[in-house]
Amino acid sequence: MSHKILVVDDDILVLEALEELLTSSGYEVRVADRGQEALDLLDKEYFDLLLLDVVMPKMTGFDVCRAVRRRDDEMSRVKIIMLTAKTEERDSKIQEKYGCDLYLTKPIDPGRLKELIRETLEG
């Protein structure tokens, strides 16, 4: 069975690149370009992993992560990897503060990202 990943980023080019990378690696991928859209999808579908951009308009990746962790269903325990281009946010307590499994700074090597996703899903 293929793992199902929801990729959330407001940059359409990033969404397309990540969708292609993950689909070609055998994952089932859905995409959302807004935080609320991601939360709406979580109400309808089960995902094994969320790949969240931090900086998005209206609802940040941190907001989405918090909302997911506050859910009262099985999706509250979904694996979450957060990506950011903001290098100043390398706070070592980000994972603890927001409940994500990994917090990565862009750009990240595609091969390394696939490896980290695999490790997170198997973890």
Options Glu74, Glu96, Glu119; residue that is acidic (Asp, Glu), surrounded by 11 or more Cβ atoms within 10 Å (Cβ to Cβ), more than 13 Å from the chain's Cα centre (by Cα) and more than 21 Å from Asp10 (Cα to Cα): Glu119
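Pick out, from region 21-123, the helices (runs of 4 or more DSSP H) lying fully within it that include 2 or more residues that are touching a Leu at 6+ places or on another chain (Cβ under 9 Å).
Values: elements: 35-44, 61-69, 94-98, 110-122.
Those helices (runs of 4 or more DSSP H) span 35-44, 61-69, 110-122.
Every residue, every condition in (1) farther than 19 Å from Ile108 by Cα; (2) touching a strand residue (DSSP E or B) at 6+ places or on another chain (Cβ under 8 Å), yes or no:
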residue: Ser2; (1), (2): yes, yes
residue: Leu6; (1), (2): no, yes
residue: Asp10; (1), (2): no, yes
residue: Leu21; (1), (2): no, no
residue: Gly35; (1), (2): yes, yes
residue: Leu41; (1), (2): yes, yes
residue: Val55; (1), (2): no, yes
message: Can you list residue pairs whose Cβ atoms sit under 7 Å apart, with the first residue in region 1-22 being in contact (Cβ under 8 Å) with a residue 60 or more places away in the chain and the second being among the aromatic types (Phe, Trp, Tyr) and surrounded by 19 or more Cβ atoms within 10 Å (Cβ to Cβ)? Count only pairs 6 or more apart in sequence or on different chains.
response: His3/Tyr27; Ile5/Tyr27; Ile5/Phe47
query: Only one of these conditions is not met by Phe47: (1) buried (at least 16 other Cβ atoms within 10 Å of the Cβ); (2) more than 23 Å from Arg77 (Cβ to Cβ); (3) of a type outside the set (Ser, Thr, Tyr). Which number is it?
result: (2)
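Read-outs: derived from the displayed coordinates by stated rules, not from any lab. What you are looking at is a predicted structure, and each value in this text was computed from that prediction instead of being measured. Reconstructed Cβ throughout: ideal geometry from the backbone, glycine too, with neighbour counts over all protein chains shown.
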